[in-house]
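Here the structure comes first, spelled out in structure tokens, and everything after it is commentary.
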There are 2 protein chains.
Amino acid sequence: MNSAQSKPRLYGLVIDNGLSISPYVWRIRYALAHKGLLCETVSLGFTEIARTFGGRFKTVPVIEHGDAMLAESWDIAEHLDQAFPGHPPLFAGPAEHAMVRLTDAWFSAEIMRKMFLLYVLDIHNAIRPEDRAYFRRTREERLKGRTLEQAAADRESRLPALRDALAPMRAHLSRFPYLGGAAPNYADYIALGAFLWVAGVSTLPPLAHDDTLRAWIDRGFDLYGGLGRDPRMHALFE
Amino acid sequence: MNSAQSKPRLYGLVIDNGLSISPYVWRIRYALAHKGLLCETVSLGFTEIARTFGGRFKTVPVIEHGDAMLAESWDIAEHLDQAFPGHPPLFAGPAEHAMVRLTDAWFSAEIMRKMFLLYVLDIHNAIRPEDRAYFRRTREERLKGRTLEQAAADRESRLPALRDALAPMRAHLSRFPYLGGAAPNYADYIALGAFLWVAGVSTLPPLAHDDTLRAWIDRGFDLYGGLGRDPRMHALFE
């Protein structure tokens with residue numbers, strides 16, 4: 001079977017209201033849309049992941065097509081460009097690929113870490129009841145023994161640090177419509193995925209009502225037939 | 001006169017010991033070397049810049065070749081790719097260009113701003129005596145009335161924040177030899193230029209002796225015949 005001709009199947013993460021919230025799954029949903037690839041999606045709760053893959057994978061996204069089955073969003077993104085060479089590339093060349101990885105390293109360290117601490121309790125409360133004990137245990141380990149409630153305490157006071165950390169994006173987006181320049185690239189999907197993660201669960205809008213990121217977020221959520229639009233999403237702006 | 005066939009002249013910034021320290025001039029020195037372009041260099045002190053250009057430019061780098069004369073390192077870098085199409089490109093395409101600009105926005109906000117506060121007094125003390133009053137006045141305006149000495153006070157306590165802010169580079173350089181991937185690109189030159197700025201003046205090494213950035217810094221300073229090597233430079237590692 002020629003894997004390039006089969007329709008990929010994407011395993012994602014589902015929460016109690018049916019939304020998909022993993023920021024890493026969102027990256028791949030956008031990547032598939034960017035490449036013009038249709039896919040089947042299979043939604044799993046946190047505690048179904050290891051069982052579904054017989055322990056081979058513990059996180060989603062997982063993608064399956066033809067004989068290939070792999071996890072880790074970066075491995076998947078790179079694989080998609082190799083497996084579907086006739087489709088629009090995610091990375092036009094090795095320098096763009098390296099630069100997007102650097103952007104991811106910055107965004108993960110400076111933005112997503114702050115988002116995790118602000119929204120970890122909201123995520124807990126939004127996921128399926130049967131997944132909450134697992135989520136609490138694994139995330140409180142990551143919090144080095146602090147509870148989810150302790151991580152969320154006084155979170156309003158930590159909003160300014162998140163907003164400040166987004167300043168480089170605002171500066172960039174004053175020059176370009178997308179992080180990738182004139183057209184969106186995988187850096188946009190990384191950042192949009194993080195905001196979609198927050199929008200899926202948030203009980204505290206992360207951004208001021210007049211944040212200049214709004215135009216880019218609207219543009220990004222509208223991409224590919226409104227891939228990021230869903231009435232169940234929460235407001236990102238005060 | 002065909003500007004593409006003339007040898008560019010680069011106006012840079014000189015300090016008391018003859019070193020060039022502007023991080024923006026360093027970007028262009030690397031950019032010219034990357035493109036394999038020889039250039040004449042003219043070194044100016046801070047207070048000579050406006051006079052030399054009749055007030056047209058107040059900062060360096062300034063580049064002159066043929067009929068073209070322009071300032072601002074980004075304008076110059078983009079211009080070099082247009083003016084010398086037969087030479088290795090700084091930007092292989094629009095996405096790499098946009099991604100490097102985003103990296104610059106991050107690096108300027110999170111790294112160079114911290115370096116400025118740590119080293120502004122060292123810069124003052126290293127530049128030519130006749131430039132110091134001008135430097136103090138313009139930089140203290142930027143410091144909103146604080147003195148250079150106040151900005152430098154307790155600076156050791158701010159080293160950990162600088163080192164932490166470099167974590168995305170360390171993560172990236174555990175995967176790639178350069179920020180640009182397998183080969184250096186303009187993102188490397190931006191970051192190397194900042195470290196060369198510090199190395200020109202520092203009386204406090206910014207990095208721990210075992211910082212994993214060392215291999216990349218060594219590789220970067222060695223590029224193009226050791227462009228970043230000079231015995232007058234100060235140690236970057238404790």
Q) What's the longest piece of chain A with no exposed trypsin sites (Lys or Arg not before Pro), counting a site as exposed if DSSP puts it in a loop and it has at most 13 other beta carbons within 10 Å? A) A:59-143
Q: Would you calculate the separation in nanometres between label points at residue A:174 and residue A:70, each defined as 7 Å from the Cα along the Cα-to-beta-carbon direction?
A: 4.0 nm
Q) Tell me, what HN-Hα J-couplings in whole Hz come from the Karplus equation 6.51 cos²θ - 1.76 cosθ + 1.60 at θ = phi - 60° for each residue of the stretch A:203-213, using x for Gly and Pro? A) 10, 9, x, x, 10, 5, 5, 9, 5, 6, 5
Q: Would you kindly work out, in nm and rounded to one decimal, the distances from the label point of residue B:7 to those of the same position in each other copy, ordered shortest first, with label points 7 Å along Cα-to-Cβ?
A: 6.5
**Q.** Quarter of the Cα convex hull surface for chain A, i.e. its orientation-mean projected area (nm²)
**A.** 12.9 nm²
Q. So which lysines can residue B:35 reach, going by Cα to Cα under 22 Å and dropping same-chain residues fewer than 8 places off?
A. B:7
Q: Sticking with the crude label model, points 7 Å out along Cα→Cβ, report the distance from residue B:147 to residue A:224 in nm, one decimal please.
A: 5.8 nm
Q. Between rounded, prolate and oblate, where does the stretch A:1-108 land on the alpha carbon gyration tensor, with a ≥ b ≥ c its root eigenvalues, rounded for a/c under 1.5, else prolate if a/b exceeds b/c?
A. oblate
Q.
Based on C-alpha coordinates, I'd like the Rg and Dmax of the protein assembly as shown, in Å.
A. 24.5, 75
Q.
If each residue of separation counts as 0.36 nm, what is the full-extension length gain between residue A:235 and residue A:78 once their alpha-carbon separation is subtracted?
A. 53.3 nm
Q) Near residue B:114, which lysines are there with a Cα under 21 Å away, not counting those fewer than 8 places off in the same chain? A) A:114, B:144
Q.
Using a label point 7 Å beyond Cα on the Cα-Cβ vector, give me the inter-copy distances for residue A:225 in nanometres, one decimal, shortest first.
A. 5.8
(Q) Suppose you put the label 7 Å out from Cα in the Cβ direction; list, shortest first and in nm with one decimal, how far residue A:56 is from each other copy's label. (A) 6.6
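Coordinate-derived values only; no laboratory data. All of these numbers come straight from a predicted model, not from anything done at the bench. Positions of Cβ are backbone-derived with ideal geometry, glycine not excepted, and every protein chain shown enters the neighbour counts.
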